[in-house]
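The values are calculated or read from the model by the stated rules, or taken from the named source; none is laboratory data. Just so we're clear, the structure is a prediction, and the values are computed from it rather than from any experiment. In this analysis, Cβ positions are derived from the backbone assuming ideal geometry, glycine residues included, and neighbour counts consider all displayed protein chains. Calculation scope for accessible area: heavy atoms of the full protein, side chains included, ligands and nucleic acids excluded. Shrake-Rupley method; radii C 1.70, N 1.55, O 1.52, S 1.80 Å.
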Amino acid sequence: MKFPQTGLYAITQTDHKTIDTIIGEVAAAIRGGAAVVQYRDKNPIDAVLLARELVKLCHRHDVPLIINDDVELAVQSDADGVHLGKEDGHIAAARKRLGANAIIGVSCYNSVERAVAAEREDATYVAFGRFFPSSSKPLAAPAQIETLSQAKSMLRIPIVAIGGILPGNGAPLLEAGADLLAVIGGVFDHQPEQSARAYLPLFKAEPVLP
């Protein structure tokens, strides 16, 4: 499945939630217009089971499901790809394990140089952030909006912005060069379908039908 060129990139919020709750919330986010979903879970109960269920759900709506950090979980769940932080291994190794068509995203924080290297090494997309205070990563170093502009002028692959992004503050990131906005709390803190839908005017997008 192809990675979208623009849209809302929903990242799961899993703490203190059952598998059924997580699946229901992701389904709601997709109904609201999420273009891609990442399964992120720092304290999994049954990661393989949940990841497989999320893959099935996402594929019913032609939405790619990406696994955060864990290449082997991506293999076990037949996910569409993996997102790699700086401690999560090399792009080449992930590509070899997952195949030529897998989606491989790379966290680049505030480093255009890291993004350029990632594109050269066959990453599918790069992500910068955090741009605003974030409850999921409160200690993450801030990224500068100018980084998006610089990256846009140097890269051909899609650019994702992440970190405290809400419908009211996302537009400047897109104007600066971001293609997708990655969101956790802004979607999953309250009523995911309506919350996801609130981002769509930023992309001039329409939600999927139920």
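Just the residues that are of a type in the set (Asp, Glu) and open to solvent by 60 Å² or more (accessible area, probe 1.4 Å), please, taken from the stretch 92-124. Before the answer, list the steps.
At the first step, the residues of the stretch 92-124 found to be of a type in the set (Asp, Glu) are 113, 119, 121-122.
Of everything in the stretch 92-124, those that are of a type in the set (Asp, Glu) and open to solvent by 60 Å² or more (accessible area, probe 1.4 Å) turn out to be Glu113, Glu121, Asp122.
Can you tell me which residues in the stretch 13-49 are touching a residue at least 60 places away in the same chain (Cβ under 8 Å), part of a helix (DSSP H, G or I) and either under 22 Å from Ile103 (Cα atoms) or open to solvent by 60 Å² or more (accessible area, probe 1.4 Å) (or both)? Answer for the stretch 13-49, where residues must be touching a residue at least 60 places away in the same chain (Cβ under 8 Å), part of a helix (DSSP H, G or I) and either under 22 Å from Ile103 (Cα atoms) or open to solvent by 60 Å² or more (accessible area, probe 1.4 Å) (or both): Val26, Ala29, Ile30, Arg31. Return a yes/no flag: does the stretch 182-200 have any residue that is farther than 20 Å from Glu25 by Cα and open to solvent by 10 Å² or more (accessible area, probe 1.4 Å). Scanning the stretch 182-200, I find no residue that is farther than 20 Å from Glu25 by Cα and open to solvent by 10 Å² or more (accessible area, probe 1.4 Å), so the answer is no. The single residue among Ala141, Ala127 that is open to solvent by less than 80 Å² (accessible area, probe 1.4 Å), hydrophobic (A, V, I, L, M, F, W, C) and in a loop (DSSP other than H, G, I, E, B) turns out to be Ala141.
Would you point out which residue out of Arg60, Arg52, Arg95 is more than 26 Å from Ser135 (Cα to Cα), in contact with a Ser or Thr (Cβ under 7 Å, 6 or more places away or on another chain) and modelled with pLDDT of 95 or more?
On the way: Arg60 fails: in contact with a Ser or Thr (Cβ under 7 Å, 6 or more places away or on another chain); Arg95 fails: in contact with a Ser or Thr (Cβ under 7 Å, 6 or more places away or on another chain).
Residue meeting the stated conditions: Arg52.
Can you confirm whether Ala79 is among the small types (Gly, Ala, Ser) and surrounded by 14 or more Cβ atoms within 10 Å (Cβ to Cβ)? Yes, satisfied.
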